[in-house]
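Trainee: Handing you a structure now.
The values are calculated or read from the model by the stated rules, or taken from the named source; none is laboratory data. Computed from a prediction, not measured in an experiment: that's the story for all the values here. Ideal geometry is used to build each Cβ from the backbone, glycine not excepted, and the neighbour counts take in all protein chains shown. Quick note on the areas: whole protein, heavy atoms, side chains included, nothing else; ligands and nucleic acids left out. Shrake-Rupley method; radii C 1.70, N 1.55, O 1.52, S 1.80 Å.
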Amino acid sequence: MLKRVTMPLPDMMASALAMDESILDADQIKNLIKFCPTKEEMDLLKNYTGDKKMLGQCEQFFLELMKVPRVESKLCVFLFKIQFNTQLSEFKNSLNTVNNACDEVQKSIKLKEILRRILYLENTLNQGTNRGLAVGFKLDNLLKLTYTRSSDSKMTLMHYLCKVLASKSPALLDFYVDLVSLKSATKIQLKSLAEKMQAITKGLNKAKQELVASANDGPVSEVFLKTLNEFVCFAEPEVASVNNLYDLVGRNGYALVRYVGEDRCPFEQVTQTLYNFVRHFRKAHKENYKQAELEKKEAQTEVEME
């Protein structure tokens with residue numbers, strides 16, 4: 001690692017303490033953290049009474065790090081600062097995607113109408129049985145439309161649904177344009193959002209703790225203290241804001257699960273099922289269109305033959 005360091009070690013540590021991102025990047029800081037001396041290594045160097053200039057590059061590097069109180073903690077705070085804006089931006093995008101998907105599903109009048117038509121269709125098929133007067137259906141029934149076939153196996157229930165809608169309610173066929181965030185939402189897990197929120201909060205807390213501790217370091221941490229104080233003042237309201245957004249995601253995710261009547265169904269399963277329904281619906285409609293075009297051509301050929 002040290003062979004890749006082109007600047008003098010004291011300059012490198014000065015840049016680290018100044019938290020200068022224009023000189024040191026995240027990978028370099030990660031390496032510095034990775035190769036921080038252990039307690040045993042520090043004890044060995046503290047007990048060394050010989051000429052320090054005679055020590056190797058690795059030991060010289062350790063000695064430079066040892067001049068800074070809690071050097072590993074400071075480097076971790078610097079790394080958090082470097083990654084903060086990107087980390088927060090990506091996290092906000094994920095939160096907004098989930099929120100948008102929840103709103104789009106619950107506000108889509110076309111989707112609601114299609115679900116109503118599916119319920120009517122299922123009740124018609126089950127007429128005369130104890131399932132013929134259902135007031136709702138399980139979410140996974142949406143995917144069963146693809147696997148339920150006619151007696152001659154030429155058409156699925158999904159094809160039939162698309163055919164009926166194309167004939168009687170063509171305006172409903174593009175219901176999926178209301179659900180632009182659904183696909184992206186299927187790639188996000190609420191558990192991973194919780195872990196990211198926890199990591200951001202933990203990183204800020206460590207920065208605040210180091211800010212308090214560094215106040216007693218003396219001149220060696222003077223520049224570090226000033227830069228860290230500015231960063232904490234900036235980061236604290238940003239984290240509070242994103243935490244509010246995260247809480248909103250939790251409420252909206254639960255509201256979506258309740259909306260589809262699946263209290264025990266995980267949020268991820270709800271979004272995935274809805275997205276798969278959209279995919280199967282669009283595929284069936286496209287196949288219906290191709291079949292209709294083929295039949296039209298065959299009929300035209302027949303007329304020409306006659």
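Trainee: Once the Cα atoms of helix 71-107 and of the chain are each reduced to a long axis, what angle between those two axes, in degrees from 0 to 90 to the nearest 10, is obtained?
Mentor: The angle comes out at about 10 degrees.
Trainee: Choose one of SER184, ASN229, LEU165: the residue whose Cα lies farthest towards the positive end of the charge dipole of the range 151-255 (beta-carbon charges +1 Lys, Arg; -1 Asp, Glu; about the Cα centre).
Mentor: Result: LEU165, furthest along the dipole toward the positive end.
Trainee: Something else about it: Whats the longest run of the chain with zero chymotrypsin sites (Phe, Trp or Tyr not before Pro) that are DSSP loop and have at most 14 other Cβ atoms within 10 Å?
Mentor: Here the longest run is 49-306.
Trainee: Between the alpha-carbon centers of the range 13-46 and the range 119-178, tell me the distance in whole angstrom.
Mentor: First find each Cα centre; the distance between them is then 63 Å.
Trainee: Which residue fluctuates the most in the chain, going by a Gaussian network model with Cα springs under 10 Å, if the choices are LEU190, LEU204, LEU119?
Mentor: LEU119
Trainee: Taking 25 °C and 0.890 mPa s as the conditions, I'd like the Stokes-Einstein D for the range 73-166 in µm²/s, using the Kirkwood hydrodynamic radius from alpha carbon pairs.
Mentor: This corresponds to a translational diffusion coefficient of 142 µm²/s.
Trainee: Pairing the Cα long axis of helix 157-168 with the longest principal axis of the chain, what angle in degrees results, from 0 to 90 and rounded to the nearest 10?
Mentor: With rounding to tens, the tilt is 70 degrees.
Trainee: Among the listed pairs LYS30/LYS206; LYS46/LYS67; LYS34/LYS92; LYS3/LYS34; LYS30/LYS202, which have their C-alpha atoms separated by more than 20 angstrom in this model?
Mentor: LYS34/LYS92
Trainee: Further question: Could you work out the Rg to Rh ratio of the range 1-117, with Rh taken as the Kirkwood radius (inverse of the mean 1/r over all Cα pairs)?
Mentor: Ratio of gyration radius to Kirkwood radius: 1.36.
Trainee: Ok, one more. Mean separation of Cα pairs under 8 Å and 6+ residues apart, divided by the residue count of the chain: what relative contact order is that in percent?
Mentor: Dividing the mean separation by the residue count of the chain yields 25 percent.
Trainee: Still on this structure, please answer the following. Quick one: putting +1 on the C-beta of Lys and Arg, -1 on the C-beta of Asp and Glu, what dipole do you get for the chain around its Cα centre, in Debye to the nearest 20?
Mentor: Rounded to the nearest 20 debye, it is 900 debye.
Trainee: At 7 Å along Cα-to-Cβ for each site, give me the label-to-label distance between CYS233 and ALA215 in nm.
Mentor: Roughly 1.5 nm, to one decimal.
Trainee: Give the lysines reachable from LYS297 as a straight Cα distance under 25 Å; neighbours fewer than 8 places away on the same chain don't count.
Mentor: Result set, ordered by chain and number: LYS154, LYS163, LYS168, LYS283, LYS286.
Trainee: A follow-up question, please. Rounded to two decimals, what is the ratio between the C-alpha radius of gyration of the chain and 2.2 N^0.38 Å?
Mentor: Against the compact-globule rule of thumb, the ratio is 1.61.
Trainee: While we're on this one: Put ILE33, ILE109 in order of accessible area, largest first, 1.4 Å probe: what do you get?
Mentor: ILE109, ILE33
Trainee: A follow-up question, please. Once both labels are modelled 7 Å past Cα along the beta-carbon direction, what's the LEU173-LYS187 spacing in nm?
Mentor: 2.9
Trainee: As a test question: what accessible area, to the nearest 10 Å², does VAL257 have when a 1.4 Å probe is rolled over all protein chains in place?
Mentor: 10
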